[in-house]
Amino acid sequence: MGLISWGMYPIVKNKKRSLRDAVGLAKYIENTDEFIPYGNGRSYGDSALNENILYTKTYNYFMDFDEQNGLLTCQAGVTLGEILEAFVKRGWFLKVTPGTKLVTVGGAIASDVHGKNHHTQGCFSECVEEFTIMLANGEIKSCKKGDELFHATCGGMGLTGVILSAKISLKKINSAFINQTTIKTKNLKETFEAFENYKDMPYSVAWIDCLAKNEEIGKCLLMVGDFANDGNLGYKSKKKLSIPFNFPSFALNNLSVKAFNWLYYAKAKDGVSKQRVGIDTFFYPLDAIENWNRIYGSGGFTQYQFILPKEQSFEGLKEILAKISDSGKGSFLAVLKLYGQENENYLSFPMEGYSLALDFKIETGLFEFLNTLDEAVVKYGGRIYLTKDVRVSKETFESGYPQCDKFREFRREHKMDRKFSSLQSKRVKI
Amino acid sequence: MSYVLIIGAKSDIAKEVARVYAKNGYNLYLAARDSSSLEDLKHDIEIRSGADVELKEFDITSYDTHEGFYRSLKKRPVGVIVVSGYMAEQTAAQKEWIETLNTINVNYTGALSILNIVANDFEKERLGFIVGVSSVAGDRGRKANYIYGSAKAGFSAYLSGLRNRLYDSGVTVLTVKPGFVNTKMTENLELPQKLTAQPEEVAEDIFNAQQKERNVLYTKPIWMLIMLIIKHIPEFMFKKMSI
């Protein structure tokens, strides 16, 4: 068995090769038909799977740090967690971070990840000053914002080349703690109002109860916050709990999910409450449980994440949440967030509007059900997040990504389509 | 600030061990052949943790240089970690004596040569820790890699005796027995991933075990159980098996 993705589905045989140096990589590119770079395996679906996989986490030296301007240059296999470990205590944090710190810098660029501050800071590419990448002909190119290679590669799912190193800009902080406000809402209307009311807060995200029905649809816990200013920079990665084996598939049935959602929601105080929490609790709650993906059992799971344009979000979410609630295929986690403006990258996911992300255990009938959700997403002009996806059709993909033909053209022009491919890229024909 | 000396610093495990000790406030001597190739690692560690890192030229099979090497360290290390290892392909080692000899010299003879010197010094000072990275392969000879395994078996026995000798002087000795680890050395082997550790995992385990003054560390821990079973298979059965 070879490498698997975070969703543990599909399981495909693959041949792994570790990235160690540029010379070796050039040879590998020359001698390998088609392959896909793979970072720390946190993509959920098949975007980093293929017969040949280049494992890049072994390529992980810090190369330079400009203390004056907070500019870090490092190799692409460095994880965001390693950056935090080195720099939080010196008063620096990532400008943009996704909900797990266990992704590599190369992966963060290739997925153009975003976080709780998308509405104020945009995607990861916003903090990338420049990066170097090895192309299909073995040439190493350096590029920055404005270059076509930059806009194709950020969000380009590893399909333009192998990112080797990046210079990223960090953010100054004066505390390793966050002042958090939690707002408990009773329905979707209140949830939207809360997002609007708190849109000046730099960080925001909501956990939504997907099993709520009728007038309760869209009730949530909205968590907003900003860094404290207390000078306390003490940060040590928490010791992790671990799920040592795949849970039997009955462990996560409808009832247990319901119980979990209910407990989580009930735990929060009514209305508005305030907390002071650490970086790991606020930004990376799930990283505290190593291999949490195993709770879905050995059959694996997928995360369905879509975004709808802001004007369509209310209607669209109401419809989709109702479908999910009716289906009873509840998810352990449903995350709702209001995003800021779209960027210029060809395949970046975010656009201005609301995004919902939910997990589903892989089971018979699931993909048919997700196809019906796709129909609604397409109807409302939305798109699906490739980093989470394992099953989206070419048509649904194309309807959400108007720049996909430019991306295809760019790949053809530079012969990238013959070298870099994933199961996903073959499915949606990019 | 205290220095830790890492012997065989070019391996993947050594690289992570170096990072973990630096992260926890130690300065480092990184010793290896062609040590200038470690410049990138030195730089990496300095940026990550601000530790002082010195690269030292060292050949574990040039036994007569070891005494001079150790004396040349500007400050006595508080700990020495031997990570050097050489795993010849078993069939190659069966055919070519030089492969067998190199396996013995790197994994056993050379390690003893430098550790004898270190042990005498630490014993006199009544201070310090020694870590030797041996292998589960040393727990029982199997046809798949008994030449490497026998050298590691010798090294494990040496570390056990050394621990016994140094007990009274308060110097601790840790024997590390990794099972499968994803490294350069095993890149082309098909390893069962559930039994295979990442080098950074091994490094954290080593640091924690050493700080807790433990004696023997299996990493991943499941290997203790696996080797317990393997060691107890009766020889008349074992000789017929292919494991």
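Here are the numbers for this structure:
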read-out	value
Cross-link pairs A:K329/A:K406; A:K16/A:K172; A:K171/A:K406; A:K27/B:K10; A:K144/B:K10; A:K13/A:K167 - those with Cα-Cα distance over 29 Å	A:K329/A:K406; A:K16/A:K172; A:K171/A:K406; A:K144/B:K10; A:K13/A:K167
The protein assembly as shown - share of DSSP beta bridges that are antiparallel (%, nearest 5)	60
Cβ-based net charge around B:T175, under 12 Å, with every Lys or Arg adding one and every Asp or Glu removing one	+3
Whole-number D in µm²/s for chain B (Stokes-Einstein; Kirkwood sum over Cα pairs; 37 °C, 0.692 mPa s)	179
Burial order of peptide ranges A:409-421, A:94-106, A:10-22 (average beta-carbon count within 10 Å, highest first)	A:94-106, A:409-421, A:10-22
Exceeding the 27 Å Cα-Cα cut-off - candidates A:K199/A:K274; A:K219/A:K310; B:K75/B:K177; A:K15/B:K220; A:K219/A:K426	B:K75/B:K177; A:K219/A:K426
Candidate aspartates and glutamates - alpha carbon under 19 Å from A:K394, same-chain residues fewer than 8 apart omitted	A:D46, A:E368, A:D374, A:E375, A:D405, A:E409, A:D417
Degrees between helix B:146-166 axis and first principal axis of chain B (Cα, 0 to 90, nearest 10)	50
Sum of side-chain charges, A:V205 neighbourhood, beta-carbon under 9 Å (Lys, Arg +1; Asp, Glu -1)	+2
16 Å Cα-Cα reach of A:K379 towards aspartates and glutamates, excluding residues that sit fewer than 8 places from it in its own chain	A:E311, A:E315, A:E319, A:E395, A:E398
Hull-based mean projected area of region A:131-227, where the convex hull spans the alpha carbons, in square nanometres	9.7
C-alpha long axis of helix B:222-232 to longest principal axis of chain B, angle in °	50
Listed residue (A:L149, A:G39, A:I4) projecting farthest to the positive dipole end of the protein assembly as shown, Cβ model	A:I4
Separation of the A:E130 and B:K143 label points, Cα + 7 Å toward Cβ, nm	5.9
Least to most buried among B:D64, A:D200, A:D359 (fewest other Cβ within 10 Å first)	B:D64, A:D200, A:D359
Stokes-Einstein D (µm²/s) once Rh is taken as the Kirkwood radius of chain A over alpha-carbon pairs, at 4 °C in 1.567 mPa s	59
Binned Cα-Cα distances of region A:177-400, short to long, each 5 Å bin given as a whole percent	1, 6, 13, 18, 19, 18, 14, 8, 3, 1, 0
Calculated FRET value between B:E187 and B:K231, using beta carbons and R₀ = 25 Å, to 0.05	0.30
Reachable lysines, given that their alpha-carbon falls under 16 Å from the alpha-carbon of B:K95 and they are not under 8 places away in the same chain	B:K143
Per-residue average of Cβ from other chains inside 10 Å of A:61-68	3
Cα-based helix-to-principal-axis angle, B:110-125 vs chain B, degrees rounded to 10	50
14 Å beta-carbon shell around A:R383, net charge (K/R +1, D/E -1)	-4
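Readers should treat all values here as calculations from the given coordinates under stated rules, not as data from a laboratory. Everything numeric in this text was worked out from a predicted model, so none of it was measured. Please note: Cβ atoms are built from the backbone with ideal geometry, for glycine as well, and neighbour counts cover all protein chains shown.
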